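Below is one structure, written out as structure tokens, with a few remarks after it.
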Amino acid sequence: MSTSTNASSSTGPHADSNAGTSATRGARARAREEVTAAIKDEARRQLAADGAAKLSLRAVARELGMVSSALYRYFPSRDDLLTALIIDAYDAVGAAAEAAHADAAGAEPVRRWTAVCEAVRSWALEHPHEYALIYGSPVPGYSAPDTTVRAAARVGLVLIGIVRDAHQGRGVAYERLPAELRTEGERLAADIAPDLPPATITAMVAAWAQLFGLIGFEVFGQFNRIVEDRPTFFSHAVTQLAHGVGLLRCPTGTS
């Protein structure tokens, strides 16, 4: 009886203490997440109003009713806050691309390609200031750290996956690189997708630049008084980009 009583008395209070500590830590984590989200939301409002170059931690803190020293516990510098916003934006557009690709599963590669491109365009039009942050003019004095690379690669990886699938039997046209571009093409392939031909990767890099150029022209108003039916124009343009990377109009092995 004595042993049982001792075990009960030693286990009960400790268990309560551990549960209380865990609950406290959980509450603190939730509170930190809420404050972090509020800081990011206010920073995005400032991006929309004044642009990334004028983003200020002091201004964010003032709008949230915080002292600057408290905000620095969440983001030690403006660049840390910018990096968090950049990663969030890349992840958001990447998630949109991945969702569109999943929805188009089973379709021919060209259709999957255009679905992804159209999802990226839709996201950009809905989030023009975040698009400008990641694909617009560089922010003076800011250099993106390596932590942004994974998120930044998400859209490109989806498009590469579509081309890779075509190379695995669903229909692709092979092109030859000009001799003067072979060294650069081989380097690009080694860095990006060693399992795909250098000519394909070279075309992919060009298509990637053209895709975001098309979207940027629309987001930043460069198509005003030039292109009126922009959805149709965009769909046609990105279909041509798909053919440019070798995706066939009538892929073999598809319905």
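In the range 78-111, what residues are farther than 30 Å from D165 by Cα, open to solvent by less than 40 Å² (accessible area, probe 1.4 Å) and not β-branched (V, I, T)?
Selection gives L81, L82, A84, L85.
Rundown of residues vs (1) surrounded by fewer than 17 Cβ atoms within 10 Å (Cβ to Cβ); (2) among the aliphatic types (A, V, I, L, M); (3) in contact (Cβ under 8 Å) with a residue 12 or more places away in the chain; (4) more than 21 Å from L248 (Cα to Cα), yes/no style:
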residue: E175; (1), (2), (3), (4): yes, no, yes, no
residue: A179; (1), (2), (3), (4): yes, yes, no, yes
residue: A190; (1), (2), (3), (4): yes, yes, no, yes
residue: A199; (1), (2), (3), (4): no, yes, yes, no
residue: A207; (1), (2), (3), (4): no, yes, yes, no
residue: I215; (1), (2), (3), (4): no, yes, yes, yes
residue: G221; (1), (2), (3), (4): yes, no, no, yes
residue: V227; (1), (2), (3), (4): yes, yes, no, yes
residue: R230; (1), (2), (3), (4): yes, no, yes, yes
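Can you find even one residue in the range 130-143 that is over 27 Å from Q46 (Cβ atoms), in contact (Cβ under 8 Å) with a residue 40 or more places away in the chain and in a helix (DSSP H, G or I)?
no
Would you tally the residues in the range 226-255 being at pLDDT 95 or above and assigned to a loop (DSSP other than H, G, I, E, B)?
The qualifying residues number 4.
Going by the conditions given, is R164 of a type in the set (K, R) and assigned to a loop (DSSP other than H, G, I, E, B)?
Taking the combined requirement at face value, the residue does not satisfy it.
Please count how many residues of the range 42-77 are among the aliphatic types (A, V, I, L, M), without any contact (Cβ under 8 Å) to a residue 24 or more places away in the chain and either open to solvent by 60 Å² or more (accessible area, probe 1.4 Å) or on the phi > 0 side of the Ramachandran plot (or both).
Selection size over the range 42-77: 2.
Can you name the number of the only condition in (1) part of a helix (DSSP H, G or I); (2) at pLDDT below 95; (3) not β-branched (V, I, T) that L196 fails?
The single condition L196 does not satisfy is (1).
Considering (1) closer than 19 Å to D88 by Cα; (2) at pLDDT 90 or above; (3) of a type outside the set (F, W, Y); (4) open to solvent by 20 Å² or more (accessible area, probe 1.4 Å), say which one R32 fails and leave the rest.
(2)
For the range 140-156, check the following and say yes or no: at least one residue is out of contact with any helix residue (DSSP H, G or I) (no Cβ under 7 Å at 6 or more places or on another chain), at pLDDT 95 or above and open to solvent by less than 50 Å² (accessible area, probe 1.4 Å).
yes
The values are calculated or read from the model by the stated rules, or taken from the named source; none is laboratory data. In this text the structure is predicted, and so the values were computed from the model without any measurement. Positions of Cβ are backbone-derived with ideal geometry, glycine not excepted, and every protein chain shown enters the neighbour counts. To get the accessible areas, we keep the full protein, side chains included, count just its heavy atoms, and leave off ligands, DNA and RNA. Shrake-Rupley method; radii C 1.70, N 1.55, O 1.52, S 1.80 Å.
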